[in-house]
Each structure stands twice: as structure tokens, then as C-alpha cells.
4 protein chains.
Amino acid sequence: MTLGLIGAGRIGRVHAQNVQQRIQDARIILVADPNEEAARRCADDFSVKFAVPDYRTILQSPAVEAVVICSATHTHAQIIAEAAAAGKHIFCEKPIDHTLPAIDHALAAVAKAGVKLQVGFNRRFDANYARVRQAVVTGEIGQPHLMHIISRDPGPPPADYIKVSGGMFLDMTIHDFDMARFLLGDEVVEVYAAAGVLVDPQIGALGDIDTALVTLKFASGAIAVIDNSRRAVYGYDQRVEILGSAGSVSTANVFPNSAILATADHIHRDLPLNFFMDRYTESYLAEMRAFVNAVRTDAPVPVSGADGRVPVVMAIAARASYLDNRPVRLSEIA
Amino acid sequence: MTLGLIGAGRIGRVHAQNVQQRIQDARIILVADPNEEAARRCADDFSVKFAVPDYRTILQSPAVEAVVICSATHTHAQIIAEAAAAGKHIFCEKPIDHTLPAIDHALAAVAKAGVKLQVGFNRRFDANYARVRQAVVTGEIGQPHLMHIISRDPGPPPADYIKVSGGMFLDMTIHDFDMARFLLGDEVVEVYAAAGVLVDPQIGALGDIDTALVTLKFASGAIAVIDNSRRAVYGYDQRVEILGSAGSVSTANVFPNSAILATADHIHRDLPLNFFMDRYTESYLAEMRAFVNAVRTDAPVPVSGADGRVPVVMAIAARASYLDNRPVRLSEIA
Amino acid sequence: MTLGLIGAGRIGRVHAQNVQQRIQDARIILVADPNEEAARRCADDFSVKFAVPDYRTILQSPAVEAVVICSATHTHAQIIAEAAAAGKHIFCEKPIDHTLPAIDHALAAVAKAGVKLQVGFNRRFDANYARVRQAVVTGEIGQPHLMHIISRDPGPPPADYIKVSGGMFLDMTIHDFDMARFLLGDEVVEVYAAAGVLVDPQIGALGDIDTALVTLKFASGAIAVIDNSRRAVYGYDQRVEILGSAGSVSTANVFPNSAILATADHIHRDLPLNFFMDRYTESYLAEMRAFVNAVRTDAPVPVSGADGRVPVVMAIAARASYLDNRPVRLSEIA
Amino acid sequence: MTLGLIGAGRIGRVHAQNVQQRIQDARIILVADPNEEAARRCADDFSVKFAVPDYRTILQSPAVEAVVICSATHTHAQIIAEAAAAGKHIFCEKPIDHTLPAIDHALAAVAKAGVKLQVGFNRRFDANYARVRQAVVTGEIGQPHLMHIISRDPGPPPADYIKVSGGMFLDMTIHDFDMARFLLGDEVVEVYAAAGVLVDPQIGALGDIDTALVTLKFASGAIAVIDNSRRAVYGYDQRVEILGSAGSVSTANVFPNSAILATADHIHRDLPLNFFMDRYTESYLAEMRAFVNAVRTDAPVPVSGADGRVPVVMAIAARASYLDNRPVRLSEIA
């Protein structure tokens, strides 16, 4: 299976390395980036034959079966629509877009073309979250009642990033919104966001927040809370806990080693993995393997375009909830 | 120091045993219970000299310096007022009452008499929570931003108890409301309660709930969530986690032993302590020691009457929030 | 049941407090110590009626049913013999004696008099070790193959104590020798001691050792190792692990709280309980309850005189093994 | 850097995959195996240009700079000698040989030729063990006193393998002998092996053992014990603990996920990784990277031929100790 990579930035390089080195059945043959130097370096580093500035070169190439979209978020929807029209299967990084009309435009194009679209919610493929999902699916913990999703970054991104991020709910919580739906296999009907600026006043000055507890009510009656902070000084904190009628399941962070040291002061261990690319290394590989497999076997993709849309609705509702200080139903948004 | 015990039920017997057997400087000399058989058995079991049916006998006894009130909740406020008028120092089980006028009447009597009143929020004296509080006070974790309080019972109480309990917020969450204030050393300004009936429809039929996530906003800007369930099948679940600007602190449940078994199926350990009296054994002793010490040294009690009042306000606000599905400010209530 | 306490030192006071305050069915009525001040203080602190200098006063008192021997080790055997002759049941601290003839003399006297003798191997009554024993007895881990007993003190005792201690094997490892037999329910046939002076040269100057790995071979074929150090800077380290044909069981240390702190440096927790009396508080109570119960119901004591003798044989064998640097069979000693 | 792979069995394929897919600076261009089908499949699967039956084809190829020897153990020494004579750098799987004369012959050839030889003790490159080593090197735990190495297989190998394995000490403990030296950075002077047949009588019938505790005395005075079993039903058990003068360090097993499940029965988690190739995946990659780097930069290899020889001496000494039931000094062997 032949792929074209659109966007040769940080996440584009992750996918390039995985496809070229660790996925047997796929090969990136073209990489496009308006930053030609970045495209060239990516091609060199990961044995991609051609580097081009314009992604349309990829879309026009009959040799390319599918594209991997890792460009800037605001370009996703347009490229999806064009790629679909060109008959390419599509893997697109999250979020599809920050606005629903753009998303709907892209999804309509995908539907019309009958191509596959997988959205890059890689965490679903992480071993910890997959095990939690399994506990729900198999009934090990019975009917879910309560859930906590902890998702904290080691430190806030730079101000320039904050400005174009769409805000914390669209940029950071989006992963947790997806995780909430995925883990429970249930739909959220209402959100309530308690949030504030506790980490860095500069974030507040930019109109964003850095700390939040978002309550979710599900169709089943289950209730969940997402805990977000832009700064956990001890590192990247990614955990989940679900209480069900027959038991609970919870996960811990991932550590570089399991060594415990005991000294005259205290018992201690090293900090958890601090960077999302170290923490989720294997999940990026697994999601791409799943995409390749879905295309090759003409099976449904594990994270659909609809799965990419709902978290955006949730983020918009959370923002409205925060601004109005009231619970907001998703049906008000979409 | 001489004490009179009012109420010889389950919790009364806990205090009786602690005072008589494990506190050097205090002695219960009278126990009162309208159930004379209960009073008599308590006196016999714990070497209390006199058992009487009417608590007023205790209040009238000049030999009694302080009373320990363990009677039914609806009698607390009246007995406090009378005990204060009689010049007795008072230890009273939580909650003081389910209604604010009754509480205010009792507190006014205490203030007028100048006696000491300690409310039985024993969990403050638990080693785990005390260590968390220490982490906040000493600045080990910096300025608190986010908190999770997990508080789940092994199973719901009988319907007869539910009926007179005042509802889950006043009966069960009341401890967590106190804990929230205690751990952060901060005041709650607003609550939002997402709740439902997921454990047992009979609880719903009685007008109560059995599952809740209560969001708290503090004066400092910190945000917290209390997680309550009437049934965690694995046992009594009592944990807390705080994220601060300089780190986090979290506690685990208490287990009867630390043995880990590894078999061909899985790695496992025994369930945590299942009963609040086993889990909090030492904290009941510690709170009573603190009360005895406060009276003997004329020091402030560690849990004041005001500390007993605020959680009731929070419970009333949580109930209103649940019924109206909106955030409720404490200032609306009290 | 009425008891006489012989020896009002540290461990004597532990038993005094437990019996007087926490055991319903027993009462110490006499305490004897050649240090009259110590006897008096013990009597005052724990409501013991009479304090006397000479233990024979206790033996001669017809009101005393049983004695608790907490005097210096070298006096144990003689007092046991006399107490047995006086028809008293006996609880005696470990070890019975450092020499086998003295032990055999004492045990013969006990056998002749038909009284009960329980030896103070309190750790058998600890919740962790009891759970491990249960895992063996119930077959949860199948047939035991390998065992590690970790037993490390926070720091070495003073030189004066080392001199009269009988050496590390008789003073410290003795508990682990007992634990080894107890946990597996099996008899040791051979020991090999690799040991040295790594903690403090002064200990070596006194002819003792401070660090050891003692290998034990059991009649069943199981093999175990005891790990001893006079100094674990992080505190009192008491753990065990058994591998069996169907699984393994292991225990952890006991901590004052379960709080985990995560800071920018590392994840850490407080040190484990540091003092054997804090670590084993409940086991001292439980062993005395078991003794009282055995006497009252005329049941076998849970730790017999023979159980007190074997660990001394093992200690002597371990010392010989260390000195000769060869495995030593217990049958060579006794 | 160009490599030739000698031996296309299980471990040969691990190295082939790592070099071809995950090491930038090296490339296997030839693979040899007397089983031509295996050589061919390996070449196909991992993009190796040529597959040949005779390893001498590799040694004679001027294009090959280094060889990776993964053939049967009894062929290692001879191939090393020939490869050295051919001027090839050498990576050789452990053990070099079961006998010292063969090892010495190989090492002499390597010394004479001046080529590099790295022995495949991959566990040194595991994150857990590397962290333990770091704790020793940096002085975090002070001077090492006591060490436990736990190393248990999930189940015994088939009888055919046992027959040619050289016995448990040479086949399985060899890794732990290396680890002991590596972790402490110290030399063993004496071993004592307590061992037996507890897992499977058939292993005993073949003259081998399946369970052992091997005591090691180090030049520094430190003492260690290696715990080996051919069957831990819960999986592959690989842990270490060191007590030093300033603290201790210990590691835990590696698990496929961190999910903890709590049900009405117990708290449990999934079994640890069960297969050495899953457990040590990254260490195989890291050792090969280190070898490639040592050759390319002409730096010393991290695991030398001498490092490959000493564990064999220890295994021979352990076998002698077990048969004679006495401590055996390494100086008696070599």
C-alpha cells in the first residue's frame, strides 16, 4: 500500500518513521510540505522517494492510495475534501477542524467519495486505555457509573501556540472527550465545565484557560469528570478510572523504569515519561497499522469521521458552559 | 476529666471503648440512652459506673465536665443547647442537624455559654488525610489547583435508614464537604452536583440519589470534585488527590495486609478494609484525644461548631444544584 | 485470668499495656523487677496493684494463674523452670536461652509440671505474615519451592547490647528462623551462612557480624534465604516472598500513611514504620490474646516450647556455618 | 557498517529485524544458516540480500565488516576464532562456550587479531537494570552490601533442550552471573549453590536441576543471592534488589499494561510479560546499537570477551558447589 504524507512537522515525522520502518505492508512514496527543507529532510531521514512543496502533487499522483494529513489544523478539512474527491483514503490528525461547518463539509466529501477516513485519536490504541475499554466491553466491571479522566501536560505550550490552538478544550481536552466516548462506548448528552487560569496569567490574557474539571453526563446515566491542567510539574499525567456496578478499573502513568529507591529521606522513583511522543510511541504505530489494515482489507476504520466530529461538539459545548457557568447540552450545539 | 455519654448505639460504643480503654486522662462516668438495655450493656462492657435513660440526668450531674453526643441526629441541636446551658463542654457527632435554623440555635447557645464544642469529623484525624493536609500546609505541593475526593461505600444502607438520612449529600457527602475545606484550608463558594440513581432504583423511589460527582469552586480559584457512590463492590473506597503548582499528593485505600499473590491467572491482593469503623479506628481515638486535650488545656477544638455548619450548607446547596441542574453559590443558601 | 509480670522493661511494659487496656479477660495483678523504680512505674502506669522486686513473690502468689516473663534472656530458663514448678502457665519472651542445655532444662520442667508455655514469637501474629501463612496452608501458591525473608534493622544496637546479645543470629535472625519454620510449616535440615561486617567495624571488633545471607534447606526440599542487616537507612525492613508450584506470595513494609507525593524531582512517599514496636504493635496484642485464650480454654498454645528451641538450634548452626564456611546440618547441633 | 548474520534461528531473527529496521547505521547483507530454508526466510523477511548455507561464505566476504553469531552454542568459539582470523568484528550470543579451553582459544584469537568482540548479555541494556546500575555508580545507595537477583522462567524448556543446555547454571543462571558482576561492578570470589529438582522430575532424570539459590561472595565483601526457578506460573519474573550503606534500590516486573481491577473478589492486574523477547525487546536493540557504535567509533565494547568468560567460570563453580555441597572459590576453577 502506497501513502502520501502531507505535512513534515513533528507528528508527520512520527508517522513517516513508523510507516517506513515498522509497518511491513505500507510505504510512503511522497511527502509534501510548503516548507521544502522540512519535506526534504523527512524524505531523506525516512527513505521517502519524493519531497514536494504542494500537497496537490500527492493528490494527483495515481500511485498514491492513501494520504496521511499532518498539516496545520485549519487546513485539514479542505485537504480532506480534496483528497476524498481524488479518491484517496485518508488518515487525518486530530482535530478535523475547530468549526462544525468545515468538519461537515469534509465529512460530506468523504461520504460522497466513499473513501475511508480515520481520525488520529491515537490514545485509543494505547495498551492502558485499550485494557480499560476491554474491562468495560467484557463486563468485568459491570455497568459503568462514574469515570475520572486525568489528563495533564508537563507544562503549557508557548503563547504563540496558545493563540492558534482553538483554546484548551479544542486543543487538549479533545483527546479526553474522545477517550470518554471510547471507554464507555456511550454518548455524552451534557457537559459542565468549571475552569480557570491557575497556572499562568498569560494564558488568561490570551482568553484561554489552563485548568479545568469538565463534568460529562452520558445517555446511559453514567457521569464522568475530565481533569485537565496545563502544568503537572512531575510530568505528563495520563490516567483513567471507571467505577462500575461490578467493580472498578484504573490505570497508572508510564515510567521509564520501575526502580524504587529507598534512602534515609524517603522512598522514591523516577518521574513518569514526560513527553507525549515517548508516552504514546506505540499507540502512534498501532493506529497507523490499524489504518493500513482497514484500507487493505476494506474493513471499517476504528476511528471514524463521526468520531472526529463529536469531540469538537463537546469542546464547543464545554467552552459555552464555562462562559455561561451552566450545564450545556450537546443538542444545543449541533 | 469526667465525661457523660449520650447515646449508646454503635458510634457511642466506639467512643466509650476509646475513652475507657485508651485515653488516660478521661473517664466516662455516666451513659444515657432511652433504650435502657443499650445503656446498661454499654456501661457493663466499658466499665461506666452509671447507666440512665434520660440524658438530662447527665446534664444535671455536677461531676460531669463534658458530654459526648451520639444520639439520633435530629436530637443533636437541642441537646447541644441544653448541655451548653448546663455549662458542659460538648463533643457532638456529625451532622449537628439537617437544618440551618436548628444549627444556628445550637451554636448560639454554645457561644453564649462559652463552652467548647467539637464536631465529630473524625476523618481529619486519619493518618492519610493528615499527611495530605500537611503537604498543603507545608507547601510541598505548592498552591492547590485541582482536587479529587473519592468516597464510596461498600453498599447502600437499608431503606429505613435512607428515609431518615437527610439524603446522600447530608448523610454521606457531608464528610467529604468537610474534608474538602479541611484539606485545602479554603472556603467553597459554589457547588454543582451531577447525580443520579445508578445503584438501586429503590433509593430513587425514596427521593434520594446514590451516585454523584459534585464540583466545588473555592475562594482561591481551586476546583475540586467529590465522587460518591453508595456501592463500590470491592469495599470502602476513601482516597484523595490534590494537584498543586509544585506537585501532587494522593492517597490509597487501607488494606488488611500487604500480601500480593501471583498465580497463573493474575496478580492479586485482598480487598481493602470494608467497614468504616475498621478503616477509621484510629481516627476516632485521635479525635477524642484531641477533644479531651482541648478541654484540659483550654485550647481551641480542632473541629469547631462553624466547621460543623458549613458542610450542611454545602449539602443543601448540592441538593439544590442537583434539583435545578445549575451551579449554586453557598451565599444563596446561608 | 490473673497474671504476674516478670520484668518491667520496654517489652514488659508493652505486654502490661496490652493486657490491662485491651484484653478483656485477663488482668496483671503483680509486677516484679529488681529495678524497683521500674516495677513501681509500670504498676502505676498500667493499674497493676502490686509492684515487687523479686519475681519469686509472684511465683508464690496463689492468686496468679500465669506469668509473663520479660526479664533478661539469661534468666528466662531458670524462671521458666521455677514457674512451672509453681504450677503457673508461662508466656516467655524469645529466646528461651542462648544455650540448649538451659532450654532443655526449662522445657523438661514445663513438661513435668504440665503447664502451658508460649514463646514470644510475636511476628507470627502479624497480619502480613499470617496472610502469607494462609496462602501456604490453603494451597493458594501450591507446594513451596523458594523463600526470601528480608529482615533488616534501621540501625545497629549499642555496643553494650551487642556484647550480651548472643550474636546476630541468636538476637536478630532468631525471629526469621522462627518465621521460616512457621511460614512453610516445614523443618529446616541444613543452614549455610554467608556473613560479614559491612555496617560497623566495631561490631566486628566485638566478634559479631552485621550482615548475612543465610540459606536454609527444608525437609520438603524447599530452599530459603534469610537476608539480615543491622542497618537499612530507610527504616525497619520486614518482608517475605515465597514461590510455590502454583504461584507466589509477597509482602511489603508497613507505612505510616499511603500518601504519594509527586514533585518536579521525583515520586516519593514517607519512610516505612521505623521501630519494631510501631511495626508490630498489633501482633504483640494478638499473641497475648492467644496466650490468654489458650490458658482459659485449655487449648494448645500457638508457639510451643519446642518452637522456642528450634530457632536456637538454627542460630547455633548458622554461627558454626559462618565460622567454618560450610553448610551445617541441624542434626550436628542438637 | 555492513554485517553478516550467522544463524537464522529465533535470536538471529531478533537481531536481523533490529538491525534492518531500527538501526540507521548498519545493514546485514548476508545471512548464513545450514538450514537453508531458515536462512532464506530470514533474508526475505528482513531485506537481507544474500542467504547462504555456510558461515564461511560470510567470513570470506570482504564487504562484511562484522559478524553477528547466533548459531548453536557449541559452534560459537570456533566461529569466533575464524571470524577474528578473518579480521571481522564480532557480536556473539551468550554463552561463548560451555568449556573454558574453548573460550580461551576464542579469546586468544580475538586478542591476536585485534578485533572487537561483544558478548550478548542484553539485560545490561534493559532500562530497569541500567537504572539499578546507575544507582550503584552514582552512589545513590552507597556501598553495596546485599543483593537479591530473582530470575525465574515461566516454564521449563523441552527435554531436548535441557539435554544440550549445559545445565541450568550455564543456560539460565549465566545471565544472572553476568548481572551480578555488572550491577555491583565487583568480582565474585566464591559461590555456594543450594539447588534441587522441585519443578519437574524429568529434569532431574536428565541430571539437571530446576530450582536454586546461589550465594555469591564479592571481593568487596558484598554478598548476593540469585534465585532461579524454571517455573513461575505467573510468568517471566525478573527483578533485582540491592541494599547499600546509604539506601536500597529494587525493580519490579514489566507488565503489558498498568490497569488495576477491583471486583468483589479482590484487587488484581494482568500477569507480567511472559516471554523474554517481549520483556527484553528494547534491550536487544540497545545492545546491537552499542555494538555498532563501538565498531564505528572504535570505542571499547560494553560487554567484553572477558565479561563473557567469567559467568561461565561462575556456572562451573556453582555446579561444583551443588555437587559437593560446599562453597567453591572461583580460583579453584580458573
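Taken together, the values in this text are just the output of simple stated rules run on the coordinates, not laboratory data. Just so we're clear, the structure is a prediction, and the values are computed from it rather than from any experiment. Please note: Cβ atoms are built from the backbone with ideal geometry, for glycine as well, and neighbour counts cover all protein chains shown.
Under the definition of partner shielding as Cβ atoms of other protein chains within 10 Å of a residue Cβ, what is the mean value for peptide A:125-131? Could you put the intermediate results ahead of the total?
Details: counts 0, 1, 6, 5, 2, 3, 9.
Mean partner-chain Cβ count within 10 Å for A:125-131: 4.
State the dimensionless ratio Rg/Rh of chain B (Rg: radius of gyration of Cα atoms; Rh: Kirkwood radius).
Details: Rg = 20.2 Å, Rh = 20.8 Å.
A ratio of 0.97.
Could you pull out which residues in the range D:63-93 have an amide N less than 14 Å from a spot 7 Å beyond the Cα of D:MET1, following the Cα-Cβ vector?
D:64-69, D:88-92
Just how far, in whole angstrom, is the range B:277-304 from the range B:54-83 if you go by their alpha carbon centroids?
For the range B:54-83 versus the range B:277-304, the Cα centre distance is 18 Å.
Please give the helix D:127-137 orientation as an angle from the longest Cα principal axis of chain D, in degrees from 0 to 90, rounded to the nearest 10.
Value to nearest ten degrees: 70.
Where does helix C:36-45 land angle-wise versus the long Cα axis of chain C, in degrees 0 to 90, nearest 10?
The two axes meet at around 90 degrees.
Given just the C-alpha atoms of the range A:12-128, how large is their convex hull per residue in cubic angstrom?
111
Across all directions of projection, what mean area in square nanometres is found for the Cα convex hull of the range C:289-334? Mind showing how you got there, number by number?
Working: hull surface 15.6 nm².
Quarter of the Cα hull surface area: 3.9 nm².
How long are the semi-axes of the equivalent ellipsoid of the range D:196-318, taking √(5λ) for every eigenvalue λ of the Cα gyration tensor, in whole Å from largest down? Mind dumping the intermediate values first?
Details: eigenvalues 175, 118, 69 Å².
The equivalent ellipsoid of the range D:196-318 has semi-axes of 30, 24, 19 Å.
Return the distance in nm (one decimal) between the two label points of a simple spin-label model at B:ALA219 and A:ASN274, each offset 7 Å from Cα along Cα→Cβ.
Result for the modelled spin labels: 3.7 nm.
With a cut-off of 8 Å between alpha carbons and a minimum separation of six or more residues, what is the relative contact order of chain D in percent? If you can, show how the numbers build up before the last one.
Details: 701 pairs, mean separation 61.7, N = 334.
About 18 percent, as a whole number.
Anyone know which of B:ASP237, B:ASP208, B:ASP265 comes out most mobile in the 10 Å Cα GNM of chain B?
Maximum fluctuation in the GNM of chain B, among the listed residues, is at B:ASP265.
Counting other beta carbons within 10 Å of each Cβ, put B:HIS76, A:HIS74 in order, fewest first.
Working: B:HIS76 27, A:HIS74 13.
Listed from fewest to most nearby Cβ atoms, that is A:HIS74, B:HIS76.
Other chains' Cβ within 10 Å of A:138-144 residues: what's the mean?
If you average over the peptide's residues, the count of other-chain Cβ atoms is 2.
As I understand it, the value is the acute angle between the Cα axis of helix B:73-85 and the longest principal axis of the Cα atoms of chain B; what does it come to in degrees, rounded to 10?
With rounding to tens, the tilt is 50 degrees.
Can you give the helix-only mean residue ellipticity at 222 nm for the protein assembly as shown, where every DSSP H stretch with n ≥ 4 adds -39500 (n - 2.57) and the sum goes over all residues, rounded to the nearest 500 deg cm²/dmol?
Working: 53 runs with 521 residues, N = 1336.
Helices in the protein assembly as shown give a 222 nm mean residue ellipticity of -11500 deg cm²/dmol.
How charged is the neighbourhood of D:VAL199? Take every other residue with its Cβ under 11 Å from the Cβ of D:VAL199, and add Lys/Arg as +1 and Asp/Glu as -1. Provide the component values of the computation, followed by the final result.
Values: positive: D:ARG152, D:ARG230, D:ARG231; negative: D:ASP153, D:ASP200, D:ASP208, D:ASP210.
Net charge in that neighbourhood comes out at -1.
Distances from B:ALA205 to the same residue in each other copy, label points 7 Å out along Cα→Cβ, in nm, shortest first?
6.1, 6.6, 8.1
In chain B, which residue puts its Cβ closest to the axis that turns chain B onto chain D, and how many whole Å away is it?
B:HIS268, 2
Residues with beta-carbon under 10 Å from that of B:ASP33, excluding B:ASP33: net charge, scoring Lys, Arg +1 and Asp, Glu -1?
Details: positive: B:ARG40, B:ARG41; negative: B:GLU36, B:GLU37, B:ASP54.
Once positives and negatives cancel, what remains is -1.
For the range D:177-217, what D do you get in µm² per second when you plug the Kirkwood radius from alpha-carbon pairs into Stokes-Einstein at 4 °C and 1.567 mPa s?
Numbers: Rh = 11.7 Å.
After rounding, the answer is 111 µm²/s.
Treating only the Cβ of Lys, Arg, Asp and Glu as charged (+1, +1, -1, -1), what charge dipole size does the range C:2-115 show about its Cα centre? Round to the nearest 20 debye.
Numbers: 11 positive and 12 negative charges, 43 e Å.
The calculated dipole for the range C:2-115 is roughly 200 debye.
Going by the alpha-carbon gyration tensor, a ≥ b ≥ c the square roots of its eigenvalues, is the range B:120-240 rounded (a/c under 1.5) or, if a/c is not under 1.5, prolate (a/b greater than b/c) versus oblate?
Values: a/c = 2.35, a/b = 1.80, b/c = 1.30.
Prolate is the answer for the range B:120-240, as a/c is 1.5 or above and a/b outweighs b/c.
Roughly how many Å is it from the Cα centre of the range B:201-247 to that of the range D:11-42, as a whole number?
Cα centres, the range B:201-247 to the range D:11-42: 56 Å.
7 Å along Cα→Cβ for the label point: how many nanometres lie between C:GLY87 and each equivalent label in the other copies, listed shortest first?
C:GLY87 label point versus its equivalents elsewhere: 5.6, 10.1, 10.9 nm.
To the nearest Å, what is the center-to-center distance of the range A:143-164 and the range D:160-181, using C-alpha atoms only?
Comparing the Cα centres of the range A:143-164 and the range D:160-181, I get a distance of 48 Å.
Can you tell me the equivalent ellipsoid semi-axes for the protein assembly as shown? Use √(5λ) from the Cα gyration tensor, largest first, whole Å.
Working: eigenvalues 652, 502, 94 Å².
In descending order the semi-axes read 57, 50, 22 Å.
Taking the alpha carbon gyration tensor of the range B:66-187, what are the square roots of 5 times its eigenvalues, largest first, to the nearest whole Å? Provide the component values of the computation, followed by the final result.
Details: eigenvalues 155, 87, 28 Å².
Output for the range B:66-187: semi-axes of 28, 21, 12 Å.
Along Cα-to-Cβ, 7 Å out, sits the label point; list in nm, shortest first, how far the one on D:HIS74 is from those in the other copies.
6.5, 7.3, 9.1
Counting only other chains, and only Cβ atoms inside 10 Å, what mean value do you get across the residues of C:195-207?
Numbers: counts 2, 7, 1, 11, 2, 0, 0, 0, 0, 0, 0, 0, 0.
Mean partner shielding for this stretch: 2.
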